[in-house]
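Enquirer: Quick one: structure below, then a few questions.
The values are calculated or read from the model by the stated rules, or taken from the named source; none is laboratory data. Source: prediction; values computed, not measured. Because the Cβ atoms are built from the backbone with ideal geometry, glycine has one as well, and the counts that use them run over all protein chains shown. Quick note on the areas: whole protein, heavy atoms, side chains included, nothing else; ligands and nucleic acids left out. Shrake-Rupley method; radii C 1.70, N 1.55, O 1.52, S 1.80 Å.
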Amino acid sequence: MRSILSFIFIAAFCLNPVAASAQQAVPAKQFDLTIDNIMRGPALVGYEPSGVRWSADSKKIYFTWKRADETRLAETSTYVVNADGTGLRRLSEEETRQAPPAGGDLSDDKKTVVYADSGDIFLYNNQTGERRQLTKTTDVEANPRFIGNQRHISFTRQNNLYSLSIDTGFLEQLTDIRPAGGAGGPGGPGGATADPTRKGTESQEALKKEERALLDVVRERAEKREEDEKKRQEREKGRRKPFQLTAGQNAGNMALSPDGKSVIVTVNETATGSKNTIVPNYVTESGYTEDIPSRSKVGDTQGRSRVAIVSVETGEVTWVDHGQRLAAAPPTQKTEGNTTGETPTERTTGQGRGQGSPAQPRDREVQLSPPQWSDDGKNAVMQGRSADNKDRWIMQLDAATGKTKILASIRDEAWVGGPGGFSLGWLPDNKRVYFQWERDGFSHLYTVSIDGGAPIQLTSGTFEVSDVRLSEDKTKFYFTSSEGSFFERNLYSMSFDGGTRTKHTSMPGNNQATVSPDQTKLAILRSFANKPTELYIAPNKVGATEGEIKQITNSPTDEWKSYNWITPPIVNFKARDGATVYARLYKPANFKKGGPAVVFVHGAGYLQNVHNWWSTYYREYMFHHLLMEKGYAVLDIDYRGSAGYGRDWRTGIYRFMGGKDLTDHVDGAQYLVSEHGVDAKRIGIYGGSYGGFITLMALFTTPDVFAAGAALRPVTDWAHYNHGYTSNILNLPQSDQEAYRKSSPIYHAAGLKGALLISHGMVDVNVHYQDSVRLAQRLIELRKENWELASYPVEDHGYVQPTSWADQYKRIFKLFETNLKAPPQTSPALPKKR
């Protein structure tokens, strides 16, 4: 009997892993720093929590997350945790459906949320936690909002706006927007029946009149049609006039005005004559090569959007007039960089001007945002942005006439941008609106009154603000700020009139905080330089202690945590023009004078990578540890064009990419030589996307600085990239050819001396594989031999497969080992092709 009981105890103990681990903890596997291990990605470092939201009673936090040990193909799950940090658990699919929605529109009394889910409309009761379905149709209903007395909601269905009574279920269609008919359809040219009411040419009208006079049957049909038309018009007296869209138009955002009299509709118009690229996909389920539709190229004609005010009662349409006109000027007149404020269509076709004659005054191409209404429903403001993105306006809209009044004008001779560059909101007094502006060189918070007067600056200093919003009780601003350090982000609050700013977060690194509805607690997504993003709960007060802050998630594997990951020191050096450049430095403790170094170039153009939080380039962060173990120093620079340092740094690449952004890296290489004893002949460079572009420019235009480089998914010719990003910086290729030629590596490829590795995903819909193919052909024609192209058949711009990541970085590592570790050679060597 004793033996049986012992057996049962042992079996029960073995079947209970929690009890087993409590009795005898299994030591974590030590991390082996290899490229294959590093490139496991999220399966190693974990998945960041996201979608953080509080319950209406401030008692629970919901968020999405996936643990590192879950399979790569598994979807993220919804988790819930109590406000005191207890009770963390994953919700079932049914519990997730019943949980508070991640989005939607909150009623004025805060009791109810209306939201769309899988094409239907639902109500969520914040007090009872009940979910009520309002629609169940095969049509897709979207964008629900509370309107009027809050007992009605509006939503879109099949490109029209509807109103639904929550109490009675009465449904009313508020607009009659009709899509354009296809050419050749019934009643159109080439259709089965001609439209007898359509006026033809003089000869056609004469023939029609003769036919009616000659044949009774024709006359009788015509008379019946005319009588039927009279009856139809009589029946439709007082009915809403349809809003007939034309070819290429579609209705976008729609919202009912607070007085219920009009619907504000954004009408999008597709570009005429533009040509979209395609990306061939070779590895497919069908076994056939398939085309992936992609984007147009910079300088091609672009679509536009306009805003219409549609009367609910009559259907009459009034187009919003932004009031911006282009003055008459000779066709040859141009400003710096050949920018004239014209759209690509106007500039390339001469549209709006007679050929050989002076330009006539015409509307400037301006993109308008949907209006935002004051809480009292009496006033609306909107933003306008010029097509060349050099001007932005804060406008007040008169919904009765469609006229606008400029409240603030923002001009940048390079391009308007910066963090929060398009934020806009009302203050509770219903008289002032807030927005962000780089007027003093950094993105700061401003207000302006609809009653007139100059904008008032509320924050100032050598820092930037972002993510501005009002507190739940609308008594103050909350915003994220870099005040105190370019390399930290914290939550601040401030009164509507400016003045003292209060810091609410205290942990070093990046703190993205969501304030609870009762404003007593913070849910913080926080990371540090060597710690991935995790969810924390803290009291919403100044100077919360470490004991008061609770970490909720723990994403990385124990294996990853077993390695001593460093906090890279942030260093700085002077560029040749005297500017201070910041960088992360990875340097072995036993670095030998005359050793090799690698310069890393982050991508994305406008991105900050020198900071004290977890980098989006975390694979590279780990790869740099491997390079350190192998004796390399690594410098990671926030070059000109990077985010976080103000307007002048952001626009330092205007009309010349590969100018100051490249010389910052060349000066960084010199810094490594002079300050850290690196051998000037043993420096490599690498990066992806924009970083790949800089790598090419470095090897082609400063060939004696870098012995080897790896250009990953690089832009090789800016005339082949997209319009939105490129036209901001280089204007248009047809009017500023000089900027494009001096900024595009393919025109400088003859300068290549060092060893070059080009790596590109073949289904990249951002920077197309074609970029690397065209460069390869140019290098062949130049009879260059010290380069190779590695292609990845299933990868887009952001690689997904760990095997692709690993293969790419093994090639990069071998490139550096071959060309930077060995004694300098006359002809740089490449790794042997596989």
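Enquirer: Which residues, counting only those in the stretch 119-172, are hydroxyl-bearing (Ser, Thr, Tyr) and at pLDDT 95 or above?
Expert: At the first step, the residues of the stretch 119-172 found to be hydroxyl-bearing (Ser, Thr, Tyr) are 124, 128, 135, 137-138, 154, 156, 162-163, 165, 168.
Those that are hydroxyl-bearing (Ser, Thr, Tyr) and at pLDDT 95 or above: TYR124, THR135, THR137, THR138, SER154, THR156, TYR162, SER163, SER165, THR168.
Yes or no, residue by residue, for (1) at pLDDT below 50; (2) open to solvent by 40 Å² or more (accessible area, probe 1.4 Å); (3) among the charged types (D, E, K, R); (4) farther than 19 Å from LEU407 by Cα:
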residue	(1), (2), (3), (4)
THR345	yes, no, no, yes
ARG353	yes, yes, yes, yes
GLY356	no, yes, no, yes
GLN360	no, yes, no, yes
ARG364	no, no, yes, no
PRO371	no, no, no, no
GLY377	no, no, no, no
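Enquirer: Does GLU472 satisfy the criteria of being part of a loop (DSSP other than H, G, I, E, B), surrounded by 15 or more Cβ atoms within 10 Å (Cβ to Cβ) and modelled with pLDDT under 95?
Expert: yes
Enquirer: Which of the residues belonging to the stretch 302-336 are more than 21 Å from LEU368 (Cα to Cα) and at pLDDT 50 or above?
Expert: The first filter runs over the stretch 302-336 and keeps only residues more than 21 Å from LEU368 (Cα to Cα), leaving 312-315, 328-336.
Answer for the stretch 302-336, where residues must be more than 21 Å from LEU368 (Cα to Cα) and at pLDDT 50 or above: VAL312, GLU313, THR314, GLY315, ALA328, ALA329, PRO330, PRO331.
Enquirer: Hey, another quick one. Can you name every residue in the stretch 623-648 that is under 21 Å from ALA529 (Cβ atoms), within 28 Å of the chain's Cα centre (by Cα) and in a helix (DSSP H, G or I)?
Expert: Just the residues of the stretch 623-648 that are under 21 Å from ALA529 (Cβ atoms), to begin with: 623-629, 632-639, 642-645.
Among the residues that remain, those that are also within 28 Å of the chain's Cα centre (by Cα) are: 623-624, 635-639, 642-645.
Selection gives PHE623, HIS624.
Enquirer: Within the stretch 601-622, work out how many residues are touching a Lys or Arg at 6+ places or on another chain (Cβ under 9 Å), open to solvent by less than 30 Å² (accessible area, probe 1.4 Å) and over 17 Å from PRO532 (Cβ atoms).
Expert: Of the residues in the stretch 601-622, 2 are touching a Lys or Arg at 6+ places or on another chain (Cβ under 9 Å), open to solvent by less than 30 Å² (accessible area, probe 1.4 Å) and over 17 Å from PRO532 (Cβ atoms).
Enquirer: Oh, and also: Of all residues in the stretch 254-296 being at positive phi and either of a type in the set (D, E, K, R) or over 28 Å from the mean Cα position of the chain (by Cα) (or both), which is most open to solvent (accessible area, probe 1.4 Å)?
Expert: To start, the set of residues in the stretch 254-296 that are at positive phi comprises 260, 273, 287.
Subsequent filtering for residues that are either of a type in the set (D, E, K, R) or over 28 Å from the mean Cα position of the chain (by Cα) (or both) retains 260, 287.
Working: GLY260: 31, GLY287: 66 Å².
Checked the stretch 254-296; the qualifying residue most open to solvent (accessible area, probe 1.4 Å) is GLY287.
Enquirer: Go through the stretch 73-97 residue by residue and tally those that are within 21 Å of GLY46 (Cα to Cα) and surrounded by 12 or more Cβ atoms within 10 Å (Cβ to Cβ).
Expert: Adding up the residues that qualify gives 10.
Enquirer: If only one of PRO569, PRO508, PRO539 is open to solvent by less than 60 Å² (accessible area, probe 1.4 Å) and either more than 21 Å from VAL81 (Cα to Cα) or not hydrophobic (A, V, I, L, M, F, W, C) (or both), which one is it?
Expert: PRO539
This table checks each residue for (1) more than 30 Å from ASP375 (Cα to Cα); (2) in a helix (DSSP H, G or I).
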{"position": "SER203", "(1), (2)": "yes, yes"}
{"position": "GLU210", "(1), (2)": "yes, yes"}
{"position": "ALA213", "(1), (2)": "yes, yes"}
{"position": "GLY252", "(1), (2)": "no, no"}
{"position": "THR272", "(1), (2)": "yes, no"}
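Enquirer: When residues of the stretch 701-720 are filtered for being under 13 Å from HIS768 (Cα atoms), touching a Gly at 6+ places or on another chain (Cβ under 9 Å) and open to solvent by 10 Å² or more (accessible area, probe 1.4 Å), how many remain?
Expert: Qualifying residue count for the region: 2.
Conditions tested, residue by residue: (1) within 25 Å of the chain's Cα centre (by Cα); (2) over 30 Å from LYS431 (Cβ atoms).
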residue	(1), (2)
GLU483	yes, no
PHE487	yes, yes
THR500	no, no
PRO508	no, yes
PRO517	no, no
LEU522	no, yes
ASN530	no, yes
GLY543	no, yes
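Here is a yes/no grid of residues against (1) under 27 Å from GLU559 (Cβ atoms); (2) at pLDDT 95 or above:
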residue: LEU5; (1), (2): no, no
residue: ALA12; (1), (2): no, no
residue: PRO17; (1), (2): yes, no
residue: ALA22; (1), (2): yes, no
residue: ASP32; (1), (2): yes, yes
residue: ALA74; (1), (2): yes, no
residue: TYR79; (1), (2): yes, yes
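Enquirer: Restricting to the stretch 379-388, name every residue that is open to solvent by less than 30 Å² (accessible area, probe 1.4 Å) and not acidic (Asp, Glu). Give the steps one after another, and end with the answer.
Expert: Our first condition is that a residue be open to solvent by less than 30 Å² (accessible area, probe 1.4 Å); within the stretch 379-388, this holds for 380-384, 386, 388.
ALA380, VAL381, MET382, GLN383, GLY384, SER386, listed by residue number.
Enquirer: Taking the options HIS723, HIS748, HIS760, name whichever one is at pLDDT 95 or above and open to solvent by 30 Å² or more (accessible area, probe 1.4 Å).
Expert: Numbers: HIS723 fails: open to solvent by 30 Å² or more (accessible area, probe 1.4 Å); HIS760 fails: open to solvent by 30 Å² or more (accessible area, probe 1.4 Å).
Within the list HIS723, HIS748, HIS760, the selection yields HIS748.
Enquirer: Looking at (1) out of contact with any helix residue (DSSP H, G or I) (no Cβ under 9 Å at 6 or more places or on another chain); (2) in a helix (DSSP H, G or I), which one does LEU44 not meet, given that it meets all the others?
Expert: Every condition holds for LEU44 apart from (1).
Enquirer: In the stretch 779-817, which residues are among the aliphatic types (A, V, I, L, M), assigned to a helix (DSSP H, G or I) and either touching a Ser or Thr at 6+ places or on another chain (Cβ under 6 Å) or open to solvent by 40 Å² or more (accessible area, probe 1.4 Å) (or both)?
Expert: Of everything in the stretch 779-817, just one residue is among the aliphatic types (A, V, I, L, M), assigned to a helix (DSSP H, G or I) and either touching a Ser or Thr at 6+ places or on another chain (Cβ under 6 Å) or open to solvent by 40 Å² or more (accessible area, probe 1.4 Å) (or both), namely ILE780.
Enquirer: Let me spell it out: the conditions are (1) crowded, with 18+ Cβ neighbours inside 10 Å; (2) modelled with pLDDT under 95; (3) on the phi > 0 side of the Ramachandran plot, and GLY299 meets all of them except one. Which number is the exception?
Expert: So GLY299 meets the others, but not (2).
Enquirer: Counting only residues that are of a type outside the set (S, T, N, Q), give me the strands (runs of 3 or more DSSP E) lying completely in the stretch 59-134 with at least 3 of them.
Expert: Of the strands (runs of 3 or more DSSP E) lying wholly inside the stretch 59-134, those with at least 3 residues that are of a type outside the set (S, T, N, Q) span 60-65, 77-82, 112-117, 120-125.
Enquirer: Looking only at the stretch 420-463, which residues are polar (S, T, N, Q) and open to solvent by 10 Å² or more (accessible area, probe 1.4 Å)? Quick ask: steps written out before the conclusion?
Expert: Kept after step one, since they are polar (S, T, N, Q), are these residues of the stretch 420-463: 423, 430, 436, 443, 447, 449, 457, 459-460, 462.
Passing the criteria: SER423, ASN430, SER449, GLN457, SER460, THR462.
Enquirer: Follow-up. Taking SER305 as meeting all but one of (1) out of contact with any Leu (no Cβ under 6 Å at 6 or more places or on another chain); (2) within 27 Å of LEU245 (Cα to Cα); (3) part of a loop (DSSP other than H, G, I, E, B); (4) not acidic (Asp, Glu), write down the number of the exception.
Expert: Failing condition for SER305: (3).
Enquirer: Just a yes or no: is a residue in the stretch 392-403 without any contact (Cβ under 8 Å) to a residue 40 or more places away in the chain, in a loop (DSSP other than H, G, I, E, B) and open to solvent by 10 Å² or more (accessible area, probe 1.4 Å)?
Expert: yes
Enquirer: Moving on. Looking at the structure I just gave you, is ARG221 surrounded by 13 or more Cβ atoms within 10 Å (Cβ to Cβ), assigned to a helix (DSSP H, G or I), more than 47 Å from the chain's Cα centre (by Cα) and at pLDDT 90 or above?
Expert: yes
Enquirer: Pick from ALA698, ALA776, ALA739: which is in a helix (DSSP H, G or I), open to solvent by less than 20 Å² (accessible area, probe 1.4 Å) and without any contact (Cβ under 8 Å) to a residue 24 or more places away in the chain?
Expert: Matching residue, one of ALA698, ALA776, ALA739: ALA776.
Enquirer: Determine if the stretch 677-688 includes at least one residue that is assigned to a helix (DSSP H, G or I), buried (at least 22 other Cβ atoms within 10 Å of the Cβ) and of a type outside the set (Phe, Trp, Tyr).
Expert: Looking for residues that are assigned to a helix (DSSP H, G or I), buried (at least 22 other Cβ atoms within 10 Å of the Cβ) and of a type outside the set (Phe, Trp, Tyr), one finds none in the stretch 677-688, hence no.
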